[in-house]
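See structure below.
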Amino acid sequence: MGSKIVVAKAKLTSNEKEAANRAEVTALLIRVGFRVYRPEADCYGEDLIVRTPDADLRAVQLKATPDVNWKKYGGKSLWMLFPDPKSAGPRKWFLVPHDKLYKWAESEHGQAPKWKKAWHWPYIPWKLGKFLNPFEIKGSRRPGALRGKLRVGSKFFEPLPPKELSAWGR
């Protein structure tokens, strides 16, 4: 019979964790009706762009745990996407506007000596979990959810005018 191969893997690197988290959450988002796009470059905190089942586009910063940082992410219309690292079974994932989470964190921790317009949680405590509950990614796939919401006219397929082409360096 065949022999069993056992591979012992050391602790994952931060890049490996990020890749595994991206794969896990991408599969979840697709299953519940989102579309997930990866920018060619990680600029301005945008790790992913997601289109919601209601056709809204969101620039997303992917994190391993809840995190806010005004200097890096504040005022940029970014959404934070992170799992509950301690959830049993399939992990819970949350998609929350950074600035809304920041304001909540500031109200809870803004007087703390360690508050530097940034806060990090290694896990989700009860109070934060209560705040995050409405932002948990839940649901099931809704085929046809975008029917009638997106329209592409025939002009979409026409060549760009020369002036617009030149703006793209062509």
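Only strands (runs of 3 or more DSSP E) whose full extent lies in the range 39-96 are considered here, and the ones with at least 2 residues that are touching a His at 6+ places or on another chain (Cβ under 8 Å) and of a type outside the set (D, E) are 78-83. Tallying residues that are basic (K, R) and touching a residue at least 12 places away in the same chain (Cβ under 8 Å) within the range 89-110 yields 2. Name the one entry in A59, A55 that is without any contact (Cβ under 8 Å) to a residue 60 or more places away in the chain and of a type in the set (G, A, S). The match here is A59.
If you go through the range 23-59, how many residues are touching a helix residue (DSSP H, G or I) at 6+ places or on another chain (Cβ under 6 Å) and small (G, A, S)? Count: 1. The listed residues are L146, L128, and the only one of them that is at pLDDT below 75 and either within 27 Å of R35 (Cα to Cα) or not in a loop (DSSP other than H, G, I, E, B) (or both) turns out to be L146. Against the test of being exposed (fewer than 14 other Cβ atoms within 10 Å of the Cβ), over 14 Å from F135 (Cα atoms) and touching a residue at least 12 places away in the same chain (Cβ under 8 Å), the options K86, K117 yield a single qualifying residue, K86.
The values are calculated or read from the model by the stated rules, or taken from the named source; none is laboratory data. Source: prediction; values computed, not measured. Cβ coordinates were reconstructed from backbone atoms using ideal geometry, including for glycine residues, and neighbour counts include every protein chain displayed.
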